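Read through the structure below, which is laid out as structure tokens, and then see the notes.
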Amino acid sequence: MRTPALWAVTLTIVGLLLNAPAHCAIAEPPALKPEPVPTEEYPIYDRVVQAKFLTSQATLVIVNRVTVTSLIPNGQPVSRAFFEEKQFFGGALSRDLVVDFLVKSTKPWRLEARFKFGVPVRFVSGDELEGTEVFLAPIPARLPGEQHAQVPPTTVGILEFSRVGFSPRGDQALVYVGDDRADGSGAGFLVWLRRLAQGWEILDTEPLWVARPEE
């Protein structure tokens, strides 16, 4: 049987817990920063940007800071079932290449300033350009119905990338790239490459989605 003194102590402790301010609650651990994309994947990004997006007028490439985990806007995460259903490139992709791509696409990774395609890069996180840009105003918050705020026509992007999947011998690569433009248009592609003595060659490109500006 509890004594009156013990009951008093118990009630005091309960009262303190119930009336404790919200900031005394156990804090949630801070979100972990995504790991950096390995350096060996950047030559793939460089080749795709050079072949598919750069023009003589381009003075800046805007890139989403983190890699994607979905190949369709607002879609489900990348999965083996998705690849088996679509049979991309006529089913010619090797199983090991697809598996490596899928494993790397299970979480976002952080892209860094390691591109070497000859045009300056500015990263964007959410709706804000990172860093200070003297000739390009920061992207303002989106308005209802807008896909992205306006960016100058001499920019390329906003581009988004997946991690790069490699075959076991490292002679083939698979990557996703999305191009989400300020006017509401855009497209997303899977790009299949192979390694040659002089560098990477694009074997084929498979469109996954296309967006057109609303009239």
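The values are calculated or read from the model by the stated rules, or taken from the named source; none is laboratory data. Only a predicted model underlies this, so the values are computations on that prediction, with no experimental measurement involved. In this analysis, Cβ positions are derived from the backbone assuming ideal geometry, glycine residues included, and neighbour counts consider all displayed protein chains.
Scanning the range 31-48 for residues that are among the hydrophobic types (A, V, I, L, M, F, W, C) and at pLDDT below 95 yields a total of 2. Tally up the residues in the range 55-87 that are surrounded by fewer than 16 Cβ atoms within 10 Å (Cβ to Cβ), in contact with a Phe, Trp or Tyr (Cβ under 8 Å, 6 or more places away or on another chain) and within 18 Å of residue 187 (Cβ to Cβ), please. Residues flagged as surrounded by fewer than 16 Cβ atoms within 10 Å (Cβ to Cβ), in contact with a Phe, Trp or Tyr (Cβ under 8 Å, 6 or more places away or on another chain) and within 18 Å of residue 187 (Cβ to Cβ) within the range 55-87 amount to 2. Take residue 52 and decide whether it is under 12 Å from the mean Cα position of the chain (by Cα) and surrounded by fewer than 17 Cβ atoms within 10 Å (Cβ to Cβ). The answer is no for residue 52. The lone criterion from (1) over 30 Å from residue 56 (Cα atoms); (2) touching a strand residue (DSSP E or B) at 6+ places or on another chain (Cβ under 8 Å) left unmet by residue 91 is number (2). The criterion of being out of contact with any strand residue (DSSP E or B) (no Cβ under 8 Å at 6 or more places or on another chain) and part of a loop (DSSP other than H, G, I, E, B) holds for residue 75. Only one entry in 82, 89 is touching a residue at least 12 places away in the same chain (Cβ under 8 Å) and among the hydrophobic types (A, V, I, L, M, F, W, C), namely 89. If you filter the range 157-215 down to residues that are polar (S, T, N, Q) and out of contact with any Leu (no Cβ under 8 Å at 6 or more places or on another chain), you find that the one that is modelled with the highest pLDDT is 198.
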